[in-house]
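Chemist: Quick one: the structure is below, questions incoming.
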Ligand SMILES: Cc1cc2nc3c(=O)[nH]c(=O)nc-3n(C[C@H](O)[C@H](O)[C@H](O)COP(=O)(O)O)c2cc1C
């Protein structure tokens, strides 16, 4: 039977997604899920694209424990970008080769050359890889929340440092390039303008909010890193405001919105604020079924509200 329900597919720049939901970097491990799934997880993958945890040029061990804890309506983490480094990371690509959906690789570093080195290594690998040995890597998401080597500030909090990272990466690839903005700034459109001016094709936002929790017995910082990044429902209203500001400032730009999406209606709110696609982060820690539940709820919400397509709902909140 031909469905006359809403059109769920969206175009994130040149990347065609079956529906708007992707995972937020660092919150969803494809291989871990496939091991826990009773069936072929690659065939039943619930997200429209896979965004893996941020990978850096060299291996990183991350921050001292404890690295994560629950907070009122959210969670805080200070993982510290633990990852095996791009070369060991590339070695696992054959394990993902049967993934049908596109992959958007999240890239980190402390200076522009480190970001570009990750992309260059991956591009060289893809150029040489035999067919069927790598997934469909179609884009990059630059995680500019890492501290800058020279200033110690988050790269994403400094528009010119953001532009330098984007420009170096733009030289290294022709694939779709997203800059993931930090919310730890006064005006998120400044870094957005810098990233787009330097060659980014789209923007992701938000990353986590710098925050602190105390051990309530000792009244000392709880996390090994003292501070961490807050996410989950607690940040959703701020994230919605920031996505709306960016969508209004750059109306034709592909935007991946995120921050506290726990339900399909939350995802629809990000679309109404101008997001092209929506990433699910903290919700992945609540239940194995969270991604498929949120997707079904989004479909139901679109249908119940009479939208013919996801695109029709996009930007609703911005229109007079
Ligand atoms: C445990 C954890 C690890 C994360 N690791 C990364 C990361 O490696 N790279 C990145 O860009 N964002 C990372 N994030 C941030 C998320 O991708 C997302 O931007 C943020 O959590 C907001 O979405 P949420 O409220 O739905 O979780 C991480 C978040 C959590 C909770």
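Chemist: Inspect the stretch 19-36 for any residue being more than 30 Å from residue 311 (Cβ to Cβ) and in a loop (DSSP other than H, G, I, E, B) and give the result as yes or no. If you could, list the steps in order and put the result at the bottom.
Modeler: Here is the first cut: in the stretch 19-36, the residues more than 30 Å from residue 311 (Cβ to Cβ) are 29, 31-32, 34-36.
In the following step, the residues that additionally are in a loop (DSSP other than H, G, I, E, B) were identified as 29.
Yes, because at least one residue in the stretch 19-36 is more than 30 Å from residue 311 (Cβ to Cβ) and in a loop (DSSP other than H, G, I, E, B).
Chemist: If I ask for residues that are away from the ligand (no atom under 13 Å from the Cβ) and crowded, with 22+ Cβ neighbours inside 10 Å, which ones from the stretch 245-276 would you list?
Modeler: Those that are away from the ligand (no atom under 13 Å from the Cβ) and crowded, with 22+ Cβ neighbours inside 10 Å: 246, 247, 254, 255, 268, 271, 273, 274, 276.
Chemist: Given the structure, is residue 219 free of Cβ contacts under 8 Å to residues at least 60 places away in the same chain and either away from the ligand (no atom under 12 Å from the Cβ) or more than 16 Å from the chain's Cα centre (by Cα) (or both)? If you could, list the steps in order and put the result at the bottom.
Modeler: Details: free of Cβ contacts under 8 Å to residues at least 60 places away in the same chain: yes; either away from the ligand (no atom under 12 Å from the Cβ) or more than 16 Å from the chain's Cα centre (by Cα) (or both): yes.
Answer is yes for this residue.
Chemist: With surrounded by fewer than 15 Cβ atoms within 10 Å (Cβ to Cβ), farther than 30 Å from residue 227 by Cβ and more than 11 Å from the ligand (Cβ to nearest atom) as the only criterion, which of 13, 39 stands out?
Modeler: Numbers: 13 fails: surrounded by fewer than 15 Cβ atoms within 10 Å (Cβ to Cβ).
So the residue among 13, 39 that is surrounded by fewer than 15 Cβ atoms within 10 Å (Cβ to Cβ), farther than 30 Å from residue 227 by Cβ and more than 11 Å from the ligand (Cβ to nearest atom) is 39.
Chemist: Return the residues of the stretch 78-94 that are touching a helix residue (DSSP H, G or I) at 6+ places or on another chain (Cβ under 6 Å) and surrounded by fewer than 22 Cβ atoms within 10 Å (Cβ to Cβ); say none if nothing qualifies. Give the derivation first.
Modeler: To start, the set of residues in the stretch 78-94 that are touching a helix residue (DSSP H, G or I) at 6+ places or on another chain (Cβ under 6 Å) comprises 86, 90.
Passing the criteria: only 90.
Chemist: Which condition number does residue 101 fail, the rest of (1) farther than 29 Å from residue 314 by Cβ; (2) within 18 Å of the chain's Cα centre (by Cα); (3) in a loop (DSSP other than H, G, I, E, B) being met?
Modeler: Unmet for residue 101, out of (1) farther than 29 Å from residue 314 by Cβ; (2) within 18 Å of the chain's Cα centre (by Cα); (3) in a loop (DSSP other than H, G, I, E, B): (1).
Chemist: How do the pairs read when you match residues in the stretch 228-248 that are without any contact (Cβ under 8 Å) to a residue 40 or more places away in the chain and over 26 Å from residue 63 (Cα atoms) with residues anywhere that are within 12 Å of the ligand (Cβ to nearest atom) and in a strand (DSSP E or B), using Cβ under 6 Å and keeping only pairs 6 or more apart or on different chains?
Modeler: 243/257
Chemist: On to the next question. Which residues, taken from the stretch 106-139, are over 13 Å from residue 56 (Cβ atoms) and within 16 Å of the ligand (Cβ to nearest atom)?
Modeler: 139
Bear in mind these aren't lab numbers, they're just calculated from the coordinates by the rules spelled out. What you are looking at is a predicted structure, and each value in this text was computed from that prediction instead of being measured. We place every Cβ from the backbone using ideal geometry, glycine too, and count neighbours over all the protein chains shown.
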